[in-house]
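Here is the structure we will look at.
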Amino acid sequence: MVSQYGIKYAVHIITNHFGPLVAKVCDCLLKKGPLPLREIVRYTELSETLVRNCLLVLIQHNCLQPFLLEEEGGFGEVNKVSSLYMVLFDNVLHRVRFSKFMAIVSQEFDKLCVDLIETLLQHGRLSSEQIFDGFRDSTEGSSSGGMEALQENMHKLVMARYVERCPISEPFLALPSEEEAAPVRRRGAKSAKAFLEPETLEQRVLVAAVPPEGMRFSFELNPEIGADRDKVENNSSSNIGDKRKLDALESDIDGGVADKQVALWRVNFEEFIRRLRHKICIETVRTRLDDEAATVFTAMLDASRSEEKKIKTASSVPLSENSIYAEVIKSEKGRNMTLDYVISVLVGLSSSPPFVRVVDNSYSIDFKHTIEVAQTDEVESIVYKKYGKDAYRMFRLLSKAGCLLETDKISDSIFLEKKETANILSKMWQGDYLQMEKLIAGPTQFLLWKVNMINLRERVLDDMFHAALNLSLRVAYELEQQKEILHLGVDGPMKEKYEKLKKVRFLLESSRMKLDDAIMIFHDF
């Protein structure tokens, strides 16, 4: 369930990128959930043609997924199938992270790969021919050798899983069988109440839409790509027949030929979010421990990355000491480490808080706990900035205790007067950072305090969405101010004002990117 300010922030992003009409359709689907076309028309009060165009824009930019849903018919009737549209909230948020995605590619590949990623980010989804057409007039793509280089770089991006084939255009969700509908009990669960959480409708749709693995990341180099178009364009005696050939080629690109459907490509957001998740985990380990621990942790990530199938993987595959050491010495920082030293670092990583789990002399990364540590650090930082040092100490005490503590016990633990302690605890409770329970024993009343981290994470995430929305609105305002000054001219006294506005906008943009990092810790990781 998307929070109130999460919806407002997503709608603001769509408004900035595609205008108010597309944003109105997006807002309707985020608030109402998946809907058929007729219901979207009814709720938005827009014409059917306009709604269709808005949906096509969202589909083109990977922000919406159509799907077919089988539903039970009435008594004595056959099951019916409805065509529904669902906004992909996460993909909407990813639109403000394009610069981060391009930075990741620039660290691993050359400029041509960055340009290819930028083209796909800008246009959403494209066929191979459409991608390469964008480079045809440039230096890189003006020759046959340039086209080969473009294909080779595209192949690199697909093999690195930064680019993937687009999902199935309209996946079909059948009614679940009785076995699928029944709750699944966790293996080895001691409690009969421990069941696996059922998949949400969005998760089911996304799984059904994913192409087979062999097709999803398969890109064949074609030396003849673009040859037909070049031949037509370079023929000085081109006639009407030549133009028809070119038009036929364009038709094939847009709609596909009769026997072979044109493959469309898009940026694989999952892989980029996975890399950003790894980065946050590494920085958390570095902050809590040291650089050597971060080096060994990074090596474990590199060794197990290919086995990760989901973004929110709870733990990595088990790795032996020798395989970890072999990966450590590949890096410049790890070449001076001995096997014994790496093992001692692994012991530190498996101590409290355990970033690594040890089972039968094998080591696996505990992603779930590492992310929880990062979330706790972020919440504690917010408490410190909002309520002060003493509140921060109280919050840490309650967070580590994980149970109800009485006011006097908290006061004695942090060496603060009881009255002051009670006032600070009351402020944090009013801000929904603490839970309070009253215990009455005869004439005496005791106040007990506790941190509920699960509820608190949801509250903090919604506050972050609210802050991100306000920052984005302020950035838009500063941009309008800059445009007005540019229209008037930046000579004389206006130049100083223009430079000041540039600095303010830069600071706001930097703050928004840092805030987005925190949002990813609570929402995407």
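Worth a mention:
- The mean accessible area for residues of the range 397-525, using a 1.4 Å probe and ignoring ligands and nucleic acids, is 61 Å² per residue.
- Extension gain for residue 118 to residue 216 (0.36 nm times residue separation, less C-alpha to C-alpha distance): 33.3 nm.
- Radius 13 Å from Cβ of residue 291, net charge of other residues (Lys, Arg +1; Asp, Glu -1): -1
- Here each label is just a point 7 Å from Cα along the line to Cβ, and for residue 343 and residue 377 those points are 2.9 nm apart.
- Across 100/502; 389/514; 8/368; 400/438; 312/333; 32/100, pairs whose alpha-carbon gap is larger than 25 Å: 8/368; 312/333; 32/100
- Overall, the range 395-453 carries a charge dipole of about 100 debye about its Cα centre when +1 sits on the Cβ of Lys and Arg and -1 on the Cβ of Asp and Glu, all other atoms neutral.
- Per-residue SASA remark: residue 83, around 40 Å² accessible (1.4 Å probe; ligands, DNA and RNA not included).
- Neighbour net charge for residue 329 - beta-carbon separation under 15 angstrom, K R +1, D E -1: -3
- The H on the amide N of residue 356, modeled in the peptide plane, is under 5 Å from the matching H of 350, 366, each at least 5 residues off or on a different chain.
- Here the translational diffusion coefficient of the range 329-392 follows from Stokes-Einstein with Rh set to the Kirkwood radius across Cα pairs; for 25 °C and 0.890 mPa s it amounts to 173 µm²/s.
- Spacing of the modelled spin labels on residue 71 and residue 440, each 7 Å from Cα toward Cβ, amounts to 5.0 nm.
- Gyration tensor (Cα) of the range 1-160, equivalent ellipsoid semi-axes in angstrom: 37, 19, 15
- Loop-resident sites, the range 349-426, for GluC sites (Glu not before Pro), counting at most 15 other Cβ within 10 Å (DSSP): 417
- Accessible surface of the range 298-394 [probe 1.4 Å, protein heavy atoms]: carbon and sulfur percent: 49 percent
- Computing Rg and the Kirkwood Rh from the Cα coordinates of the range 298-417 gives a ratio, Rg/Rh, of 1.12.
- Overall size of the range 23-116 from C-alpha positions, given as principal axis extents largest first: 62, 29, 21 Å.
- Counting only protein heavy atoms and a 1.4 Å probe, the range 5-122 has 46 square angstrom of accessible area per residue.
- For the pair residue 390 and residue 454, a Förster radius of 30 Å applied to the C-beta separation gives a FRET efficiency near 0.75, rounded to the nearest 0.05.
- Using 0.36 nm per residue and subtracting the Cα-Cα separation, the extra length available between residue 321 and residue 207 on full extension is 37.6 nm.
- Phi to ³J(HN,Hα) by Karplus 6.51 cos²θ - 1.76 cosθ + 1.60 over the range 499-507, Hz, x for Gly, Pro: 5, 5, 5, 4, 5, 4, 5, 4, 5
- The modelled label-to-label distance for the pair residue 419/residue 332, using points 7 Å beyond Cα in the direction of Cβ, is 6.0 nm.
- Distance distribution P(r), the range 281-336, all Cα-Cα pairs, bin width 10 angstrom from 0: 24, 51, 24, 1 percent.
- Principal axis box of the range 397-499, alpha-carbon based, largest edge first, Å: 76, 28, 25
The values are calculated or read from the model by the stated rules, or taken from the named source; none is laboratory data. Since the model is a prediction, treat every value here as computed from it, not as a measurement. Using ideal geometry, Cβ is built from the backbone for each residue, glycine included, and neighbour counts are taken over all protein chains shown. These area figures cover heavy atoms from the full protein model, side chains too; ligands, DNA and RNA do not enter into them. Shrake-Rupley method; radii C 1.70, N 1.55, O 1.52, S 1.80 Å.
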